[in-house]
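Everything below concerns the one structure shown next.
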Amino acid sequence: MVITKVRLRRCAVPAAAAVGAALGVHQARELFAYGVPVSAAAASVLTVSACVYVTVRQFLEALFAETHRCRVEGCTFRARLTRPDAGESRRWQEIAAAHPNHDRHWPVA
């Protein structure tokens, strides 16, 4: 079985949910060992699980994103696409190459 970029993208959401749930379960065990009430532990566990889920998902999306940058020296223009088709990717590549406003960081005198 060949692991492709598409298959890895499909695994991103379940992987993020699994990591968030695992850390939530670990935190719940730690809190229950100290006698924390269930309502307080549940709020803390849900918060940690949600934060970890969002962080892992954003990391994986950034890992698989296509980025098109302007090739002019010093220009900071870039377009990051998460799931483009070939036509959309090509269109943004052309936009990045030919955009009129080049943001340069000029040295301050």
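The values are calculated or read from the model by the stated rules, or taken from the named source; none is laboratory data. Quick caveat, the model's predicted, so the values are computed rather than measured. A quick note on method: Cβ atoms are made from the backbone with ideal geometry, for glycine too, and the neighbour counts reach across all protein chains shown. These accessible areas exclude ligands, DNA and RNA; they are computed on the full protein's heavy atoms, side chains included. Shrake-Rupley method; radii C 1.70, N 1.55, O 1.52, S 1.80 Å.
Quick check: with the 1.4 Å probe, what order do 77, 32, 64, 59 take by accessible area, largest first?
59, 32, 77, 64
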For residue 15 paired with residue 32, estimate the spin-label separation in nm (one decimal), with each label point 7 Å from Cα along the Cα-to-Cβ line. 2.9 nm
Using a 4.7 Å Cβ cut-off, which Cys residues in the chain lack a partner cysteine? 11, 51
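Mind checking the dipole of the chain: about its Cα centre, +1 per Lys or Arg Cβ, -1 per Asp or Glu Cβ, Debye to the nearest 20?
Working: 14 positive and 8 negative charges, 59 e Å.
The dipole of the chain has a size of about 280 debye.
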Per DSSP H run of at least 4 residues, take -39500 (n - 2.57); add these up for the chain, divide by its residues and hand me the 222 nm value, nearest 500 deg cm²/dmol. -22000 deg cm²/dmol
Which of these, 30, 88, 73, has the largest mean-square fluctuation under a Gaussian network model of the chain (Cα springs below 10 Å)? 73
Accessible area per residue for region 13-90 in Å², computed with a 1.4 Å probe and the full protein assembly in place, what is it? 68 Å²
Which one, 37, 84, 62, is farthest towards the positive end of the dipole of the chain when Lys and Arg carry +1 and Asp and Glu -1 on their Cβ? 84
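Ignoring any ligand, DNA or RNA, what whole percent of the accessible area of region 18-97 comes from carbon and sulfur when the probe is 1.4 angstrom?
Numbers: 3320 of 5550 Å².
Here carbon and sulfur together make up 60 percent of the probe-accessible area.
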Taking 0.36 nm per residue of separation between residue 42 and residue 69 and subtracting their Cα-Cα distance, the length gained on full extension comes to 5.3 nm
Quick one: helix 38-64 against the long Cα principal axis of the chain, what's the angle to the nearest 10°, folded into 0 to 90? 30 degrees
